[in-house]
Amino acid sequence: MTVLADFLEDPHTWKYGYDISRSTGLKSGTLYPILMRLAEHGLLQTSWELAETGRPPRHLYKLTKNGLRYSQEQLISADVAMNQPPFREVKA
Amino acid sequence: MKIVRQAAASILRTVIRLASPSTQSWAKAMLAELDSVGNDWAAFLWALGSVRILFVRQTIHPMGLSDIPAAAKVLADRMNQRTRLGSVSVSGMALFFGRAFLHASDTFQQVGYALIVAAMLYMLFQLFAGRPRRIPAIADLNARTALYRSELGRERDFHSGYWFWSRLAIMMPGFILLCVGGMITHPSTTHSQIILLALFLVFSALSIPNNLSRARSYARQLHDLGL
């Protein structure tokens, strides 16, 4: 959910893995399996940036259209769940 | 601190070598990020995280016949990765216990070490026998589907039935003898030997539901493929 929320902050911008890790606070061993699963389900598109001289090209990530829709739905349902009272009153 | 960063790069390169083709690009992506991590120790921790990629199980459940080649490839990648990782660790353990056999102080321990080495060699044999078959480049969809079905069947059998139980059974006597031998030779280490034996039994017990659930998952995939 944290990763999806991070992508939703600027959904049309390609992001680097390390930047996502810093902004979400997730360690690489947690973040990358999530990114892999998102890509596997067609929710995340990946791309290699063009090589610059002297440094290796980096991998970029952006939500797909399905990913964007899915993330918005997930965040809305999480928001609704958060705002619900913990116990429902039972009327006698 | 240069050595820490070099160690981080070495870890990532090893992960790239050991990763299956479908996960390799992710390990390469992590290596490409390494230069952007400013702190050396943070870079080292970043690289350590990449080891988890090796254990991410990628699966494709084919929704139609057109998905079968991709699903077969992912399955073959996973089987190949298991063969690679398993062979490295089992060979390492066989060498370790083989060396220990030469320095064992009593017969119990010698027999224990020898049985463990035999068990490791048997596991190595199973790993090689369980590696995926090559799909001929000219194979049509029917042939690929048949091969995918047979590979799913082999995977189901690898995690259940004779293959699994023989793997488990052959590991038991060696470790038990080794710990018993340790208790007899060095009575002062009885407590640690009991803990070691208990840990081994717990891990062995945990491997039963884990393997059987994998076998059930493959059986389900086979069943779905038949529909």
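Each value in this text was obtained by applying a stated rule to the coordinates, not by laboratory testing. All figures in this text were calculated on a predicted structure; none of them were measured in a lab. FYI the Cβ positions are ideal-geometry reconstructions off the backbone, even for glycines, and counts take in every protein chain you see.
Quick rundown of the values:
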| read-out | value |
| --- | --- |
| Residue exposure sequence - B:Ile194, B:Ile53, B:Ile176, A:Ile76 - by fewest surrounding Cβ within 10 Å | A:Ile76, B:Ile194, B:Ile176, B:Ile53 |
| Rounded if a/c under 1.5, otherwise prolate or oblate - segment A:17-68, Cα gyration tensor axes | oblate |
| Förster radius 35 Å - calculated FRET efficiency between B:Ser10 and A:Leu50 (Cβ-Cβ, nearest 0.05) | 0.80 |
| Neighbour-count order for A:Thr64, B:Thr23, fewest beta carbons within 10 angstrom listed first | A:Thr64, B:Thr23 |
| Shape category assigned to chain B from the gyration tensor of Cα positions, a/c cut at 1.5 | oblate |
| Among B:Ser50, B:Ser22, B:Ser87, residue whose mean-square fluctuation peaks in a GNM of chain B (springs only between Cα atoms under 10 Å) | B:Ser22 |
| Cα centroid separation, segment B:8-49 to segment A:27-80 (Å) | 17 Å |
| Between 0 and 90°, nearest 10: helix B:68-102 axis offset from chain B longest Cα axis | 10 degrees |
| 5 angstrom amide H check on A:Gln45, placed H, neighbours 5+ away | A:Lys62, A:Leu63, A:Thr64 |
| In degrees, nearest ten, helix B:40-49 long axis to first principal axis of chain B (Cα) | 80 degrees |
| Greater than 23 Å apart at Cα, pairs in A:Lys15/A:Lys65; A:Lys15/B:Lys28; A:Lys62/B:Lys28; A:Lys65/B:Lys73; A:Lys62/B:Lys73 | A:Lys65/B:Lys73; A:Lys62/B:Lys73 |
| Top of B:Leu102, B:Leu12, B:Leu197 by mean-square fluctuation, Gaussian network on chain B, Cα under 10 Å | B:Leu102 |
| Theoretical ellipticity at 222 nm over the protein assembly as shown - DSSP helices of four or more residues, -39500 (n - 2.57) apiece, nearest 500 | -24000 deg cm²/dmol |
